[in-house]
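Following: one structure in structure tokens, then a few remarks.
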Amino acid sequence: MTGPGMKGGGMEDPVAKGAAMGGAWEHYVDSRPYPDPAAEAPATRFDAHASTGRLMLRRFLRHRLAVLGALFLGLSYLSLPFVDFLVPYGANDRDVEHLYAPPQGIHLFHDGQFIGPFVYPTTGRPDLKDYRWRYETDSSRPMPLQFLCPGAPYRFLGLVESRLRLVCPPPGASLHLLGTDRLGRDMLSRLAIGAQLSLTVGLLGIAVSFTIGITLGGMAGYFGGWIDAGVQRLSEILKSLPELPLWLALSAAVPAQWSPVTVFLCISVILGLLDWPSLARAVRSRFLALREEDFVMAAELMGASPARIIRRHLLPNFASHLLASATLSIPAMILGETALSFLGLGLRPPATSWGVMLNDAQNLMAVETYPWVSLPMLPVILVVLSFNFFGDGLRDALDPYHGD
């Protein structure tokens, strides 16, 4: 039987060809070396040799906004212990000759000649016609900045008293890169020092919230029964209360004569006490599903206590959601403290935070005339966006096998 591809230059039968050669089969040997596994393409979720950590890191690095957010937050938190050294003024140092002074610039060249970092002296005078301060710059006198110089005293890490600062204004001049407020306090220095309270209030609040939420939610999901019913009713009551008025009521109950540190701790606890119901519900629903798994039953048959089962077997299976929830909940804590301090019911002077600084922005006339007093809004926006981007990327990275 013949047909196309069988004779006359068509496709040959490999069996017939092998038989015609006396049973000797034709083999092809590739002369190229065996590929090096280290030179292969980056690991994907289909790469059997890639560890879970490598897949998570690669997935996170692909989220560029998350990487930028992580870098910004990392630099912000790492600089908190050193802000007093980095800024030229203390949080409450007043310059009575520069009230509502506009932002200054740092220059390098004067009349075409390189001098180094310097500022021009400014002189303020009241404008009784427009009821505002006017400042004039003397561009004929460059005044070089001083570095690693003695300044106003502060306590390094809250323990050791020091006067050393990275940069200081030259004698007879000022250094207000972001201007001053109504009392002549440097805005840049107060923003940096205020970050110590504004950024850490979220961490303390999350610690309180997660401790309560994981404990109550885990007990409700694992034990069920009346414990589950009690936790559910308590969380429903708290969720039904209007959040902002409740914050205001609890914050107003804090005595005004308490120290700023005590008020700060109270605000952190208040924010944490009101934020746990959502987390407790998530933990409960997850535990209800996990407690029926075989590994939980095996641990129970081996005599493991409920606390050990929850701590060693259930929570690790829920860790990715907890980490993502933490990074997304911290911005809510920061915004809560900022709102309370803005309304005068959170942190109070002489404490310095972004919310306390924004309290001056309630005067719309001052904001219109001196817009730099509303600058504390900028770090709040940047930190909240960075946490949201970081949490979004972390949530994707902790589940590297879902999509690619």
Practice task
Scan the stretch 163-182 residue by residue and report those that are closer than 28 Å to LEU340 by Cα and in a loop (DSSP other than H, G, I, E, B).
Solution key: HIS176, LEU177, LEU178, GLY179, ASP181, ARG182
Exercise for the section: Find the strands (runs of 3 or more DSSP E) located wholly in the stretch 54-150 whose residues include 2 or more that are touching a Pro at 6+ places or on another chain (Cβ under 8 Å), and list them. Expected result: 107-110, 113-119, 132-137
Fill in the blank from the handout: Checking LEU199, LEU246 in turn, the sole residue that is aliphatic (A, V, I, L, M), under 22 Å from PRO349 (Cα atoms) and either over 30 Å from the mean Cα position of the chain (by Cα) or part of a helix (DSSP H, G or I) (or both) turns out to be LEU199
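Got a sec? Which helices (runs of 4 or more DSSP H) wholly within the stretch 262-311 have at least 3 residues that are surrounded by 20 or more Cβ atoms within 10 Å (Cβ to Cβ)? First the steps, then the outcome.
Working: elements: 276-290, 294-301, 306-309.
Of the helices (runs of 4 or more DSSP H) lying wholly inside the stretch 262-311, those with at least 3 residues that are surrounded by 20 or more Cβ atoms within 10 Å (Cβ to Cβ) span 276-290.
If I filter the stretch 349-369 down to residues being of a type outside the set (A, V, I, L, M) and in contact with a Pro (Cβ under 7 Å, 6 or more places away or on another chain), which single residue comes out as modelled with the highest pLDDT? First the steps, then the outcome.
We begin by selecting, within the stretch 349-369, every residue of a type outside the set (A, V, I, L, M); these are 349-350, 352-355, 359-360, 362-363, 368-369.
From the residues that got through so far, the ones that are in contact with a Pro (Cβ under 7 Å, 6 or more places away or on another chain) too are 350, 354.
Working: PRO350: 81, TRP354: 90.
By that ranking, first place goes to TRP354.
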Fill in the blank from the handout: Within the stretch 352-404, the count of residues that are in contact with a Leu (Cβ under 8 Å, 6 or more places away or on another chain), aromatic (Phe, Trp, Tyr) and open to solvent by less than 20 Å² (accessible area, probe 1.4 Å) comes to 2
Problem - Residue in the stretch 151-182 that is most open to solvent (accessible area, probe 1.4 Å), counting only those that are touching a Gly at 6+ places or on another chain (Cβ under 6 Å) and of a type in the set (A, V, I, L, M, F, W, C) - result: ALA152
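In the stretch 318-351, how many residues are among the hydroxyl-bearing types (Ser, Thr, Tyr) and open to solvent by less than 10 Å² (accessible area, probe 1.4 Å)?
First pass over the stretch 318-351, keeping only residues among the hydroxyl-bearing types (Ser, Thr, Tyr): 320, 325, 327, 329, 338, 341.
After this cut, where a residue has to be open to solvent by less than 10 Å² (accessible area, probe 1.4 Å) as well, the list is 341.
Counting residues in the stretch 318-351 that are among the hydroxyl-bearing types (Ser, Thr, Tyr) and open to solvent by less than 10 Å² (accessible area, probe 1.4 Å) gives 1.
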Exercise for the section: Confirm whether ASP228 is among the acidic types (Asp, Glu), touching a Ser or Thr at 6+ places or on another chain (Cβ under 9 Å) and open to solvent by less than 50 Å² (accessible area, probe 1.4 Å). Expected result: no
Handout entry: Residue list for the stretch 183-192, filter: open to solvent by less than 20 Å² (accessible area, probe 1.4 Å) and assigned to a helix (DSSP H, G or I)
Key = MET187, SER189, ARG190
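Residue-wise test of (1) crowded, with 17+ Cβ neighbours inside 10 Å; (2) modelled with pLDDT of 90 or more.
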| residue | (1), (2) |
| --- | --- |
| GLU26 | no, no |
| ARG32 | no, no |
| ALA38 | no, no |
| PRO42 | no, no |
| ARG62 | no, no |
| LEU65 | no, yes |
| PRO88 | yes, yes |
| ASP111 | no, no |
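The values are calculated or read from the model by the stated rules, or taken from the named source; none is laboratory data. Since this is a predicted model, take the numbers as computed values, not measurements. As a convention, Cβ positions derive from the backbone with ideal geometry for all residues, glycine included, and neighbour counts pool all protein chains shown. In case anyone asks, the SASA skips ligands and DNA or RNA and just uses the protein heavy atoms, side chains included. Shrake-Rupley method; radii C 1.70, N 1.55, O 1.52, S 1.80 Å.
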